[in-house]
Structures are given as structure tokens and as C-alpha cells.
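Following: one structure in C-alpha cells, then a few remarks.
The values are calculated or read from the model by the stated rules, or taken from the named source; none is laboratory data. Owing to the predicted nature of the structure, the values given are computational and were not obtained by experimental measurement. Positions of Cβ are generated from backbone atoms using ideal geometry, with glycine treated the same way; all protein chains shown enter the neighbour counts.
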Amino acid sequence: MTERQADAFESVYREYNGLLYGFAHSILHSRALAEDVVQDAFVRAISALDLSRDRASVRSWLYATVHNLAVDCLRREGRSAGEEPLFYTASAEGERLEQMTLLNEVMSALSEPETRILMLTTAGFRQREIAKMLDLPLGTVSWRIHNIRRKISALRSEEKGE
């Protein structure tokens, strides 16, 4: 690995490690398995990707790889995902706990497919990209996003006591 490649890898790792971990954890509900899946994805990225290319394509590849590795991990384990999702944001420390609490409440009200879509939407992916990554029809993704918004709205109404 050249110094330029190492710098590109380090930059990609710093930018996506926490987000990919949160995404993997939302599927696996295991810190150890999520860490393993993300590590495996980055190992594959070193050999499979030109990390200096377009960031959007690197990001898409990483999320798709983590998703596929996590699903494969669940199949190998012969189990389905647990119940307590976790999501890391790149915000200030003081806001992080508040955001994680809100996201955990929201995610606990969502189905597993809705949680994956919320994670990808939060990471900045468009509906068309999400549909391709999860191998779902665009209409299904749009419908699930509509349901997610409806559930979030209902949770906010409950929180305000309306």
C-alpha cells in the first residue's frame, strides 16, 4: 500500500467507521459482531476499492458490503436481530446522548427493514440508492419511509402529551 492509498484509507475509515458500526449494530444487535463485520468490510475495501475515487460510490459500496456481511452473519448464527438498536452520530458529545435516546425510541417502534432504511436515510442515501442496496423495489422503500415518518410523528405527539 502506498502512502497515498494509506492516507485515503485512513480518511475513509475516520469518516465512515462509526456510521457503519451503527448500521451493522442495528442489524446484528451485538457489539462484537458489528465490530467484526465493519472490520471485514474495511479489509475488503483495501483490496477491492480505489479509495481515492468518488466518495459517494465508496460510501455506497461500504454500506452495501456491511449490509451483506451482517445478513450473512445472521444466517451463520442461525438467529434474527435483537431488540435494542444503537446508532452513533457524528454530532457534539452533549447532543449525542439526546440523539441516541431519541433514535433508540424511534427504532424500537420500527420493524427491522424500517430500521435499516432509517439508518441509510440518516446516512444521506437517496431512496433510489437504498432500493438498490437492499434489493427492494423503489415503491417499497418509499412506502416504508412514509410509514417511518408517520411513526416518528406519532412518537413526537406522545412525547409532547398531545
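Some notes on this structure:
- In the stretch 13-28, the residues that are touching a residue at least 40 places away in the same chain (Cβ under 8 Å) and surrounded by fewer than 24 Cβ atoms within 10 Å (Cβ to Cβ) reach residues that are among the acidic types (Asp, Glu) and assigned to a helix (DSSP H, G or I) with C-beta atoms within less than 7 angstrom, at least six apart or across chains, in these pairs: Tyr21/Glu35.
- All positions within the stretch 1-56 that are modelled with pLDDT of 80 or more and among the β-branched types (Val, Ile, Thr): Val12, Ile27, Val37, Val38, Val43
- Residues (in contact (Cβ under 8 Å) with a residue 12 or more places away in the chain and over 22 Å from Met119 (Cβ atoms)) located in the stretch 29-49: Ile46, Ala48
- Failed criterion for Gly94 (all others in (1) modelled with pLDDT under 80; (2) closer than 22 Å to Glu114 by Cβ; (3) assigned to a helix (DSSP H, G or I); (4) not acidic (Asp, Glu) hold): (2)
- Set side by side, the residues Thr101, Thr121 differ, and just one is β-branched (Val, Ile, Thr), modelled with pLDDT under 85 and exposed (fewer than 15 other Cβ atoms within 10 Å of the Cβ), which is Thr101.
- Residue list for the stretch 133-158, filter: without any contact (Cβ under 8 Å) to a residue 24 or more places away in the chain, of a type in the set (D, E, K, R) and part of a helix (DSSP H, G or I): Arg149, Arg150, Arg156, Glu158
- Evaluation of Ser108 against (1) modelled with pLDDT of 75 or more; (2) crowded, with 17+ Cβ neighbours inside 10 Å (one fails), failing number: (2)
- Condition check for Arg144: modelled with pLDDT of 85 or more and within 19 Å of the chain's Cα centre (by Cα): yes
- Within the stretch 126-159, the set of residues being among the hydrophobic types (A, V, I, L, M, F, W, C) and in contact with a helix residue (DSSP H, G or I) (Cβ under 7 Å, 6 or more places away or on another chain) comprises Ile130, Ala131, Met133, Leu134, Leu138, Val141, Ile145, Ile148, Ile152, Leu155.
- Count - residues of the stretch 10-52 that are closer than 18 Å to Ala64 by Cβ and over 16 Å from the mean Cα position of the chain (by Cα): 9
- Residue that is farthest from Ser60 (Cα to Cα), among those in the stretch 123-147 that are among the β-branched types (Val, Ile, Thr) and in contact with a Ser or Thr (Cβ under 8 Å, 6 or more places away or on another chain): Ile145
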